[in-house]
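The values are calculated or read from the model by the stated rules, or taken from the named source; none is laboratory data. A quick note: this is a predicted structure, and the numbers were derived from the prediction, not measured. For neighbour counting, all protein chains shown are included, and Cβ atoms are generated from backbone atoms with ideal geometry for every residue, glycine included. For accessibility, only protein heavy atoms count, side chains too; no ligands or nucleic acids. Shrake-Rupley method; radii C 1.70, N 1.55, O 1.52, S 1.80 Å.
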Amino acid sequence: MSFQFNRRLLALALAVPSLGSANSDNNEQAASGQPIEQLVVTAGRFEQQVSEVLAPLSVISRAEIERWQITEMGELLQRVPGLQVNQSGGLGGTTTLSIRGSETDHALILVDGVRINSATTGLTVLEYLDPGQIERIEIVRGPRSAQYGADAMGGVVNIITRRSGGGVQYRVGSHGEQVSAAQVSTSGALGDFYAAARHQTTDGIDHLLDDNAGNADDDAYRNSTLQLGYRKALTDGWQLGLQAQQNRGSAEYDSAWGGQPFSVFEITKANLDLSGDISETWLTQLQLAYSEDDSTYDDDTFSWPFNLVTERDSASWQNRIAAGELGTVVAGVDYYRDQVSSNPATGYDEDTVRNLGVFAQQQWQSGTHSVQWGLRSDDHSGYGQHTTGNIAYGYAFSDALELIASAGTGFKAPTFNDLYYPASPWYQGNPDLKPEESENIELSLRGQAGELGWRASLFNADYDNLIVDAYTADFVTTRANVASASVRGLELEAQGELAGLRWDANYTYLDAEDGTTGDDLLERSRHNATLDIERLLAGVNFGVLLKARSERVSDPFQRVTLPGVATMDLRASYALREDVTLSAKLRNALDNNYQSQAGYHADSRNWQLGVSWKL
């Protein structure tokens with residue numbers, strides 16, 4: 001995971017300003033023999049070098065995903081400072097993400113710049129995403145509402161998918177897991193084409209601790225993915241891109257009410273991008289996107305199928321202008337429409353929402369001073385108009401040491417389910433909910449000393465009307481506003497190489513409490529740390545990952561305290577030849593018994609063996 005810092009300002013190539021395009025510029029730099037500094041796109045919605053980004057940013061590359069033998073999104077994201085991941089059981093179990101103590105629906109998840117958060121829950125099905133199709137992930141911690149709108153109160157995770165390369169992979173593992181995947185790409189006068197397919201199947205583990213009412217069985221999981229991509233360089237610096245992806249599968253799960261429940265899902269996403277130069281200083285991009293989540297929930301025992309379909313149409317027009325002494329200016333318009341339907345009909349009071357956002361931001365640098373600011377206005381059909389903003393200032397003491405101060409506001413509207421979910425014996429919406437708001441400040445110091453890169457950040461977020469799980473007098477789950485909540489924290493991160501060892505370490509301290517009662521907010525550990533060490537010996541790349549988190553409060557009704565846990569994962573890989581690699585991984589090597597979430601098993605010691613052939 002990289003967070004390089006160097007004040008050298010390499011000339012930015014005026015290429016596609018897409019939220020998923022920086023790879024081409026990095027490749028061009030390498031081909032030209034220029035010193036390479038990675039370009040990123042998420043923090044400011046335009047291409048900039050890592051050293052120019054003032055916001056806390058982590059970048060995970062394709063090479064790291066392969067070296068770490070990442071097979072699930074949860075295990076990838078839990079390596080990032082400030083992020084806490086919880087999972088309801090094994091593969092296919094609901095995976096949730098909290099950034100710096102924010103709620104799980106405060107993290108905006110993008111795939112190639114397209115938001116994929118659910119319209120009904122605000123969450124993202126991270127458990128269904130395939131790390132094998134990821135070229136790079138950029139994670140920005142802290143509010144980005146001024147850039148992206150309401151969903152980005154806690155931060156942004158931008159998943160940039162692969163657009164080139166070919167190969168075949170096969171993996172087997174514990175619990176009958178089998179994974180087969182293949183990719184192919186070609187380039188020519190007609191453009192660049194990319195296609196990938198993957199199929200994963202596992203018998204799974206028993207998710208729920210409570211084995212009553214038929215819950216003692218293992219919960220199987222199936223997932224098939226197809227991805228297609230096309231990109232064509234047009235005349236006069238213009239580019240056309242088209243990408244489509246579909247996930248289809250099924251996931252069994254346990255229920256406190258018994259039976260043999262399972263879900264069948266089909267998730268589709270497609271986006272069209274057109275970008276190019278209006279002039280030497282003005283770049284523009286238009287993106288059109290469509291996504292659909294078609295899920296059916298059923299039970300082998302009771303047979304009560306319920307189908308829920310959520311659709312999103314979105315459009316974005318973005319412009320980047322090189323304004324000379326005024327720096328870089330970015331401005332644009334975002335629009336999306338969400339629609340929900342179900343069979344049998346659930347009786348949502350509203351089934352369609354629309355949002356129009358207008359944003360502008362500026363990045364300016366002169367000598368040792370850097371300033372970035374952003375402003376955004378959103379007009380939502382459900383809650384009306386709201387304005388958010390942020391500002392950051394950086395002062396460079398030297399080429400390798402910089403102090404950064406920032407402040408920002410955030411905003412999150414209640415989701416369909418928060419407000420309008422019809423009353424049932426298990427759950428009901430709360431139409432009296434108020435929108436959430438936040439105010440955030442941060443102070444960071446970052447530096448580079450040879451191979452050692454590091455950053456230390458102090459942050460504080462104050463929330464009003466934070467929406468959390470609660471119970472009615474009849475023990476029915478619902479949602480409620482907390483009058484106020486505060487989150488204070490410290491992040492320490494560093495990476496480097498020493499005596500042949502490549503290492504990456506981070507630690508996060510988090511104090512997240514209900515401002516009214518003083519109680520800890522749910523599912524937030526005060527202490528969270530990871531350490532990854534790699535070494536190449538006799539042609540074998542060995543690695544160990546140590547993870548630790550302190551106790552945390554879970555379950556909003558009983559407020560169960562889950563004990564802290566430390567785990568160790570081991571891995572090794574060996575290149576039989578330049579294009580063929582064997583890999584082995586042992587997760588939870590110490591076989592610790594713990595709950596990944598209150599009432600749910602975490603997997604015991606488990607293994608994976610794989611082979612990959614690059615074409």
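Numbers at a glance
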{"quantity": "Residue within the stretch 446-460 that is within 24 Å of the chain's Cα centre (by Cα), part of a strand (DSSP E or B) and aromatic (Phe, Trp, Tyr) present", "calculated": "yes"}
{"quantity": "Options 122, 92; residue that is buried (at least 24 other Cβ atoms within 10 Å of the Cβ) and either touching a residue at least 60 places away in the same chain (Cβ under 8 Å) or assigned to a loop (DSSP other than H, G, I, E, B) (or both)", "calculated": "92"}
{"quantity": "In the stretch 358-387, residue farthest from residue 119 (Cα to Cα) [restricted to those that are at pLDDT 95 or above and of a type in the set (Val, Ile, Thr)]", "calculated": "368"}
{"quantity": "Elements of type strands (runs of 3 or more DSSP E) contained in the stretch 558-615, each with 3 or more residues being in contact (Cβ under 8 Å) with a residue 60 or more places away in the chain and under 16 Å from residue 74 (Cβ atoms)", "calculated": "595-597"}
{"quantity": "Candidate set from the stretch 564-615 (those that are under 17 Å from residue 209 (Cβ atoms) and hydroxyl-bearing (Ser, Thr, Tyr)); member that is surrounded by the most Cβ atoms within 10 Å (Cβ to Cβ)", "calculated": "600"}
{"quantity": "Qualifying residues in the stretch 176-214 (those that are surrounded by fewer than 16 Cβ atoms within 10 Å (Cβ to Cβ) and touching a residue at least 40 places away in the same chain (Cβ under 8 Å)) - the one nearest to residue 244 (Cα to Cα)", "calculated": "184"}
{"quantity": "Residue satisfying all of: in the stretch 293-333; over 23 Å from residue 354 (Cα atoms) and hydroxyl-bearing (Ser, Thr, Tyr); surrounded by the fewest Cβ atoms within 10 Å (Cβ to Cβ) among these", "calculated": "303"}
{"quantity": "Scope the stretch 378-397; condition without any contact (Cβ under 8 Å) to a residue 60 or more places away in the chain and open to solvent by less than 40 Å² (accessible area, probe 1.4 Å); matching residues", "calculated": "384"}
{"quantity": "Matching option when the condition is at pLDDT below 90 and either surrounded by 16 or more Cβ atoms within 10 Å (Cβ to Cβ) or under 29 Å from residue 315 (Cα atoms) (or both), among 254, 273", "calculated": "254"}
{"quantity": "Looking only at the stretch 430-479, and only at residues there that are more than 22 Å from residue 145 (Cβ to Cβ) and in contact with a Leu (Cβ under 6 Å, 6 or more places away or on another chain), the one that is least open to solvent (accessible area, probe 1.4 Å)", "calculated": "447"}
{"quantity": "Odd one out for residue 108, checked against (1) part of a loop (DSSP other than H, G, I, E, B); (2) open to solvent by less than 10 Å² (accessible area, probe 1.4 Å)", "calculated": "(1)"}
{"quantity": "Residues being open to solvent by less than 30 Å² (accessible area, probe 1.4 Å) and modelled with pLDDT of 95 or more - total across the stretch 334-357", "calculated": "2"}
{"quantity": "Pair list, Cβ < 8 Å and 6+ apart or interchain, from the stretch 490-514 residues that are farther than 18 Å from residue 540 by Cα and assigned to a strand (DSSP E or B) to residues that are open to solvent by 50 Å² or more (accessible area, probe 1.4 Å) and small (Gly, Ala, Ser)", "calculated": "496/450"}
